[in-house]
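For reference, the structure is listed below as structure tokens.
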Amino acid sequence: MKLCYNQATTLENSNLVKDLEYCEKHGYDYIEIRTMDKLPEYLRDHSMEELQDYFQTHHIKPIALNALVYFNNREDEEQVLEEFKTMVGNASKLGAVYVVVVPLVTDQTLLKRDIKASAVKMLHQFAEIAEAQQIKVALEFVGHPECTINTFEQAYNIIETVDRESVGLVFDCFHFHAMNSDVEFLKKADGKKIFILHIDDTDDYPAGALRDEHRVWPGEGILDLEKLLQTVKDIGYKEDIVSVELFRPEYYKLPAEEVIRTAKETTLQSIANVIK
Ligand code: ZN
């Protein structure tokens with residue numbers, strides 16, 4: 001199992017330079033680079049060429065750019081497409097495989113059919129742009145009630161309708177649990193449609209009350225991570241990469257290197273018994 005680092009885990013106590021240094025030092029294989037804040041911050045004092053050069057000369061590699069928020073049911077579709085094009089261009093330059101897109105979060109109530117219609121349309125347009133550069137699009141459903149796509153079933157139904165090899169899902173263990181996604185449905189899904197797996201754990205709040213800040217170190221919450229990961233592997237998840245992604249305010253108070261080291265140790269322990 002290869003290990004990936006999602007920069008959300010040190011969102012408030014690090015930057016891209018430090019994340020790369022500590023991830024490389026502690027043996028991570030991949031990183032998901034945040035394009036909403038960490039990449040622009042890096043580019044204030046560095047160039048894209050410098051980052052390309054870093055990846056060419058180190059073990060750690062970029063797996064995804066994370067994320068385009070929010071991609072569906074927007075008035076300004078042209079602007080969304082422009083942002084997506086920029087992300088694909090950067091992914092291609094850096095050698096990243098995926099661009100992650102996150103559904104609209106809103107307090108408006110939208111019908112599921114309108115959400116699906118917009119999401120399917122946007123994903124086809126994204127795929128046209130991404131496929132030209134051999135990049136893939138990963139939709140990440142978010143297990144908060146305000147998110148327009150908030151269960152695995154809803155997200156899977158959308159990408160199944162899109163039905164393109166370049167369009168799949170991010171499977172985030174926290175988001176799967178947070179709005180009671182259906183394990184029986186997951187068992188019947190095609191694991192090849194899962195492009196990225198976010199590993200995390202959570203405090204025990206009810207569905208609908210859970211938010212990202214309730215994430216805890218893998219193995220220290222109530223998720224059965226080994227069972228979830230085994231299920232995902234059994235249905236054909238082939239990537240064999242887990243990406244640790246936490247948003248815990250208490251962890252933002254720790255030194256970044258300690259977070260990156262602990263994230264690795266707890267992740268590996270939490271999935272030690274998953275059949276390779
Ligand atoms: Zn995630």
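The values are calculated or read from the model by the stated rules, or taken from the named source; none is laboratory data. What you see is a predicted model; the values in this text were computed from it and never measured. Backbone-built Cβ (ideal geometry, glycine too); neighbour counts: all protein chains shown. With ligands, DNA and RNA removed, areas are computed over all heavy atoms of the protein, side chains included. Shrake-Rupley method; radii C 1.70, N 1.55, O 1.52, S 1.80 Å.
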> Would you call Tyr98 hydroxyl-bearing (Ser, Thr, Tyr), at pLDDT 95 or above, open to solvent by less than 80 Å² (accessible area, probe 1.4 Å) and away from the ligand (no atom under 16 Å from the Cβ)?
Replying inline: no
> Does segment 234-271 hold any residues that are open to solvent by less than 60 Å² (accessible area, probe 1.4 Å), under 26 Å from Lys187 (Cβ atoms) and out of contact with any Ser or Thr (no Cβ under 7 Å at 6 or more places or on another chain), and which are they?
Replying inline: Ile235, Gly236, Tyr237, Asp240, Ile241, Ser243, Thr267, Ser270, Ile271
> Would segment 55-67 turn up any residue that is free of Cβ contacts under 8 Å to residues at least 12 places away in the same chain and either polar (S, T, N, Q) or within 27 Å of Lys192 (Cα to Cα) (or both)?
Replying inline: yes
>> I'd like the full set of residues that are free of Cβ contacts under 8 Å to residues at least 40 places away in the same chain, within 15 Å of the ligand (Cβ to nearest atom) and either of a type in the set (Asp, Glu) or open to solvent by 10 Å² or more (accessible area, probe 1.4 Å) (or both), limited to segment 151-174.
In response: Thr151
> Limited to segment 213-255, what total is found for residues that are within 13 Å of the ligand (Cβ to nearest atom), more than 16 Å from Asn273 (Cβ to Cβ) and β-branched (Val, Ile, Thr)?
Replying inline: 1
>> Would you confirm whether or not segment 203-212 contains a residue that is open to solvent by less than 30 Å² (accessible area, probe 1.4 Å) and within 16 Å of the ligand (Cβ to nearest atom)?
In response: yes
> Does Val142 count as within 15 Å of the ligand (Cβ to nearest atom) and either charged (D, E, K, R) or touching a residue at least 12 places away in the same chain (Cβ under 8 Å) (or both)?
Replying inline: yes
>> Being at pLDDT 95 or above and under 22 Å from Asn6 (Cβ atoms) narrows it down to one residue among Leu104, Leu110; which is it?
In response: Leu104
>> Looking only at residues that are among the aliphatic types (A, V, I, L, M) and closer than 23 Å to Asp240 by Cβ in segment 175-186, which one is nearest to the ligand (Cβ to nearest atom)?
In response: Leu186
>> What are the pairs with Cβ atoms under 6 angstrom where one residue, in segment 123-135, is acidic (Asp, Glu) and the other, located anywhere, is surrounded by 13 or more Cβ atoms within 10 Å (Cβ to Cβ)? Sequence gap at least six, or different chains.
In response: Glu131/Ser166
> Are there any strands (runs of 3 or more DSSP E) wholly within segment 1-85 with 2 or more residues that are more than 17 Å from Ala138 (Cα to Cα) and in contact with a strand residue (DSSP E or B) (Cβ under 9 Å, 6 or more places away or on another chain), and if so which?
Replying inline: 2-6
>> On the basis of being at negative phi and open to solvent by 40 Å² or more (accessible area, probe 1.4 Å), does His58 make the cut?
In response: yes
> What pairs can you find where one residue is in segment 70-93 and open to solvent by less than 30 Å² (accessible area, probe 1.4 Å), the other is of a type in the set (Ser, Thr, Tyr) and assigned to a loop (DSSP other than H, G, I, E, B), and their Cβ atoms are less than 9 Å apart, with a gap of 6+ or different chains?
Replying inline: Asn72/Thr148; Val80/Tyr70; Met87/Thr35; Asn90/Thr35
>> Any residue at all in segment 124-140 that's among the charged types (D, E, K, R), surrounded by fewer than 17 Cβ atoms within 10 Å (Cβ to Cβ) and over 20 Å from Ile196 (Cα atoms)?
In response: yes
>> Of everything in segment 249-266, what is of a type outside the set (Asp, Glu) and in contact with a helix residue (DSSP H, G or I) (Cβ under 9 Å, 6 or more places away or on another chain)? Give them in sequence order.
In response: Pro249, Tyr251, Tyr252, Leu254, Ala256, Val259, Ile260, Arg261, Thr262, Ala263, Lys264
> Is it the case that some residue within segment 45-66 is farther than 23 Å from Ile33 by Cα and at pLDDT 95 or above?
Replying inline: no
